[in-house]
Amino acid sequence: MVKPPKHVLNRFYVKTYPKGEGAARVSERLAALASVPAAAPVARPARKEEDTGWQISGGFGQTRYYGIQARCWIHDRNRD
C-alpha cells in the first residue's frame, strides 16, 4: 500500500480535528511548507545508444513430470 505524502495527511488531520490538541502545530507546519518554493526537477542526461555487441533473446517452456505411473499406451498394449 502506498502512503500518501505527509502534507496530505496533515491537511486531513486539521480538517478532521480542527480543535484537536495538535491542530495549531500542524497548521503552522502546513503554512511553513506552503511558503517554501518547490524544487525544480533535476533532468538526467540522455543515455547514449551504444552497440555493446550483446543481443538478448529467449523463451520459456514448461513440461510436467508425470512420474513412473505414466506409461505410453503402446507399451501397455505390448505387455499383454
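Counting other C-beta atoms within 10 Å, which of Ser35, Ser27, Ser57 has the fewest, and how do the rest follow?
By the 10 Å Cβ count, ascending: Ser57, Ser35, Ser27.
For a Förster distance of 30 Å, can you work out the FRET efficiency between the beta-carbons of Ile56 and Val2, rounded to the nearest 0.05?
Once the sixth-power term is evaluated, E becomes 0.40.
Rounded to a whole number of µm²/s, how large is the Stokes-Einstein D of the range 1-54 at 25 °C and 0.890 mPa s, given Rh as the Kirkwood radius over C-alpha pairs?
Translational diffusion coefficient: 166 µm²/s.
Per residue of the range 34-44, in order, report the coupling 6.51 cos²θ - 1.76 cosθ + 1.60 (Karplus, θ = phi - 60°) as ³J(HN,Hα) in whole Hz, putting x for Gly and Pro.
5, 7, 7, x, 6, 6, 6, x, 8, 8, 7
Every number in this text was worked out from the coordinates using simple rules, so none of it is lab data. Predicted model only: the values in this text are computed from it and were never measured. All Cβ positions, glycine included, derive from the backbone under ideal geometry; neighbour counts span all protein chains shown.
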